[in-house]
Amino acid sequence: MSVERAAELMARARAGVALTGAGISAESGIPTFRGAGGLWAQYDPVKVASIDNFLRDPSAYWKVAKERGPAVLAARPNPGHHALAALERAGRLIAVVTQNTDGLHQDAGSRRVIELHGSGRTVQCLDCGSRESRAEVQARLEVEMPPRCKMCGGIFMKPTVVLFGEAMPIPAVEEAFALARAADVMLVVGSSLVVYPAAHIPSAAVDHGATLIVVNAEPTPLDRIAEVVIRGRAGEVLPELATLTSAA
Ligand code: NAD
Ligand code: ZN
C-alpha cells in the first residue's frame, strides 16, 4: 500500500523536506483557494487580495478580511500539522516549506518553517513601517474601516503576506530551493502545485536526486514524477505516515 511505501522512504530520509499548501489547513477549518469548496468559488482572490486593489481601496480588502479573519485566527493545528512536527523531531524532516500564511506549523511545534508567502499574523503600516499583531487589528475592524495605524494614522495597514502582484521574499525562496536541491525525500502535502515558483520546488528536488511523495486530495501536475502518490486527507494520511515511519 502506498502509505507503507512512503514510510519506507521517509524512514531512510536524512534531509527530508516537506512542502505544504492550503490543503493541509483545510481540516483546521481554513478554506483553500482551489479545489473542492475553494474560496475562488465565492470571490476572486486575484482581485480582492492583489496589491493594486489593496493600495486603491484598503477597505475592500479589509471587508473580506473581516469575514475571513476570525476563522483563520481561531484555527488550531490538525493531526497533519502535528505529524509533520513529529517527523522533524524524529529527524526525518529537516524543514517545512509552506505556502500558507496561517502559522499553524509553528503552533504544532515545527521548528524550521520557511514561509514563502509571509505571515498573516502580523500587520505592517506601509507608511511608517510599524507592526501590530493581526489579532489587535482584526478586533478594531468592528469600529474602524479601514483600520488605521496607531503610530501615524496611515490607512495602508497590510498583513505581512505576499499579495497577488507582489514579489515573494527572496531569502525564503532561496532557502526553499537550497533545501530542495539538498533533499533526499520531498514530501508535498495539500498543494495544487499550480502556483509558481512554489510548484518548481519539488521538480528542483527531483532533478537533484530526491524522491517525491505527494499527499493531496486531488491529482497534481507533478504526480507523474512522484515515486508515491497518496490521494487522501492530510489529517488522516500524515499521522499514519509518521507512525509507520517510526516503526520502519
Ligand atoms: P494550493 O494550491 O496549495 O491547493 C490546495 C490543494 O489542497 C488542492 O489541490 C486540494 O485538492 C488539496 N486539499 C484540500 N483539502 C485537502 C486535505 N484535507 N488534505 C489534502 N489535500 C487537500 O492552495 P490554494 O488553495 O490554491 O492557495 C494558493 C495560495 O493561497 C497558497 O499558496 C497560500 O499562499 C494562499 N492560501 C493560504 C491559506 C492558509 O494560510 N491556510 C489558505 C488559502 C490560501
Ligand atoms: Zn504608520
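What follows draws every value from the coordinates through simple rules; no lab data is involved. Computed from a predicted model, the values in this text were never measured in an experiment. With ideal geometry, Cβ positions are generated from the backbone for all residues, glycine too; neighbour counts draw on all protein chains shown.
Numerical summary
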{"item": "Helical contribution to [θ] at 222 nm, DSSP H n ≥ 4, -39,500 (n - 2.57), averaged over the chain, rounded to 500", "result": "-11500 deg cm²/dmol"}
{"item": "Length gained when the stretch residue 130-residue 243 is fully extended (0.36 nm per residue, less Cα-Cα span)", "result": "36.3 nm"}
{"item": "Whole-number D in µm² s⁻¹ for the range 170-248, Kirkwood Cα-pair radius fed into Stokes-Einstein, 10 °C, 1.306 mPa s", "result": "122 µm²/s"}
{"item": "Extension gain (nm, one decimal) between residue 139 and residue 67, 0.36 nm per residue minus Cα-Cα", "result": "24.7 nm"}
{"item": "Gyration tensor verdict on the range 91-208 (Cα atoms; rounded if a/c is under 1.5, prolate if a/b is larger than b/c, oblate otherwise)", "result": "prolate"}
{"item": "Rg(Cα)/(2.2 N^0.38 Å) for the chain, N = residue count", "result": "1.03"}
{"item": "DSSP bridge pairs, the chain: antiparallel proportion in percent, nearest 5", "result": "25 percent"}
{"item": "Förster radius 30 Å - calculated FRET efficiency between residue 14 and residue 223 (Cβ-Cβ, nearest 0.05)", "result": "0.75"}
{"item": "Value of Rg/Rh across the range 85-132 [Cα atoms, Kirkwood radius]", "result": "1.12"}
{"item": "Estimated FRET transfer efficiency when R0 is 22 angstrom, pair residue 194-residue 4 (beta carbons, to 0.05)", "result": "0.15"}
{"item": "For the range 105-145, fraction of C-alpha pairs farther apart than 14 Å, in %", "result": "63 percent"}
{"item": "Rough spin-label spacing in nm, given labels placed 7 Å along Cα→Cβ, for residue 47 and residue 208", "result": "4.1 nm"}
{"item": "Under Karplus coefficients 6.51, -1.76 and 1.60, residue-wise ³J(HN,Hα) of the range 75-88 in Hz, glycine/proline x", "result": "5, 10, x, 9, x, x, 4, 5, 5, 5, 5, 5, 5, 5"}
{"item": "Selected from 13, 74, 85 as most flexible by GNM, with the chain as the system and alpha-carbon contacts under 10 Å", "result": "74"}
{"item": "Under 5 Å, built H, 5+ apart or other chain: amide partners of residue 215", "result": "188, 189, 190, 230"}
{"item": "For the range 206-216, Karplus couplings with θ = phi - 60° (6.51, -1.76, 1.60), whole Hz, Gly/Pro x", "result": "5, 4, 9, x, 7, 8, 9, 10, 10, 10, 7"}
{"item": "Convex hull (Cα only) mean projected area of the range 11-111, reported in nm² to one decimal", "result": "7.3 nm²"}
